[in-house]
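Visitor: Pasting a structure below so you can have a look.
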Amino acid sequence: MEAFSVGKRYHVPCKARSMVLIFAWMAPLLLNSLQVVASFTHHCSRQWPTRKRRNPKGSGVECFQTGESSSDDSNNYFRHLVSQFQGDFDNYHQVLRDRHHALTPAEGGGHEHIHCTLVPCPQSAVSKKQHHQKDQWILAAFYFNGNPRQIFRFRMYKLVSPKDDDNNNNKIDDERVRMKLHTLSPGLEKQLRQYSDQPCTWWREAYAVWLNSTNEGENESVDLRSNKWNTFHSEGIQRLVSPLIGCDVLWDPQWDPKKHTYLNVDEYNDTSSSSCSPPTSLSNYSNDEGYHATMEAGSKGAIVDSISLIPGKRILIKDELSLWKNEFWINDRGYDPDAVAEEGVEVDESRNGVGIMPFVYGNRRGIPYKLERVSCISTKDTNDGGDEMYSLPLLLERTVSKQELAWTLGEAYREQAVYESKLLAVEKALLHSNS
């Protein structure tokens, strides 16, 4: 159809003129009807208010794109959680505050400087069009001192939609999202460590490790590669990891505040604000705005065989998590369940399931690691009009959201002098507190 242009004159047929007259006559009636409907709707909305749910206010901003929204509350909770459980988080500002209060790691009651990177598995554009997403795989890495070369833990998480959780005992109204924890195969972890400062390539490397294990290359058609990626997502990933039995975590929209008492704790037991304390955005959120999770095993925790910290040693794990739009709190503690008292008597475990078990890791005062969001990791738009976009897995890109902590992402985001000055600031803070 030819577009109308300014300055041109067109002949309007008689029939068309009649339709215009009829519409002009009916317009006031239609407007009056719409006003009546609007008034009735406004009245009804005041008479029958909808039930307010405890969904996070900040979840409307989705860094990582998921499937289409639905009217299913449990699926929407899952989607929103997945959209936020990604990117980089770092607790540098917490460490500075600790040192200003003369708190050092371990027995000193302070926190180590840790960084968490969460990289969601990208989906093909075809799978992204599916209205229901069953699960989301996430590669996770934790490292010390803002240095990706100091990774002390790799994990693979699998978030499972409530509708597809085989462990919910057929509870149709169960909205909790199960997160399954896995360790990586030695081959996969070795490969990822070579690209420790390039997390957006990790899934490409994981895919390559799986292809090599199947003795197949990538010299095939686009459709065949797409089928292989779908197979990798549905079957291949599971072959590259080992589950941590008994360590499942449940994200619960109806979370129990008694299980997250750390949310209302003044970690420094004072209200004074030191002029040398660093700026921070921590604790700017209401608890109801966040996502909160506990271990399915409950307060007693779960015992696993350590792989990364002390190979061959058993560790009792206890963990609670809280996630907001721009913060991630991790209250992860590890204890030695095999410790023996000096006189050869086994350690008393009656006190909250821990007793006097010695710490292996975690904060001795029960204060979570309070990490601030540094970046978002999202799917990269590679649609250049070709058909290949609709068959291949989407790429990922990292977008810095807190520039003052970008230096914690690795050498590509900082000068060496800047890095050294940041670490020196921590030492100076401790010296100042002791002077």
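Visitor: When you look at Leu309, is it more than 17 Å from Trp251 (Cα to Cα), open to solvent by less than 20 Å² (accessible area, probe 1.4 Å) and either at pLDDT 95 or above or more than 20 Å from the chain's Cα centre (by Cα) (or both), yes or no?
Guide: On the way: more than 17 Å from Trp251 (Cα to Cα): yes; open to solvent by less than 20 Å² (accessible area, probe 1.4 Å): no; either at pLDDT 95 or above or more than 20 Å from the chain's Cα centre (by Cα) (or both): yes.
So Leu309 does not fit the description; no.
Visitor: Scan the range 400-427 for residues that are among the polar types (S, T, N, Q) and part of a helix (DSSP H, G or I) and jot them down.
Guide: Gln403, Thr408, Gln416, Ser421, listed by residue number.
Visitor: Hey, another quick one. Which residues, counting only those in the range 289-306, are at pLDDT 95 or above, of a type outside the set (Phe, Trp, Tyr) and either open to solvent by less than 10 Å² (accessible area, probe 1.4 Å) or in a strand (DSSP E or B) (or both)?
Guide: His292, Ala293, Thr294, Met295
Visitor: Could you tell me how many of the residues in the range 390-410 are at pLDDT below 95 and over 16 Å from the mean Cα position of the chain (by Cα)?
Guide: Total meeting the criteria: 6.
Visitor: Would you kindly identify the helices (runs of 4 or more DSSP H) lying entirely within the range 154-237 that contain at least 2 residues that are at pLDDT 95 or above, more than 15 Å from Lys134 (Cα to Cα) and open to solvent by 40 Å² or more (accessible area, probe 1.4 Å)?
Guide: Ranges flagged: 186-193.
Visitor: Pairs, please: C-beta under 7 Å, at least 6 apart or cross-chain, first residue at pLDDT 50 or above and in the range 371-389, second open to solvent by 50 Å² or more (accessible area, probe 1.4 Å) and part of a strand (DSSP E or B)?
Guide: The qualifying pairs are Ser375/Thr399; Cys376/Thr399; Ser378/Glu397; Ser378/Thr399; Lys380/Leu395; Lys380/Glu397; Thr382/Leu395.
The values are calculated or read from the model by the stated rules, or taken from the named source; none is laboratory data. Nothing here was measured: the structure is a model prediction, and the numbers come from that model. Glycine also receives a Cβ, built like all others from the backbone with ideal geometry; neighbour counts cover every protein chain displayed. Keep in mind that these areas ignore ligands, DNA and RNA; they rest on the heavy atoms of the full protein, side chains included. Shrake-Rupley method; radii C 1.70, N 1.55, O 1.52, S 1.80 Å.
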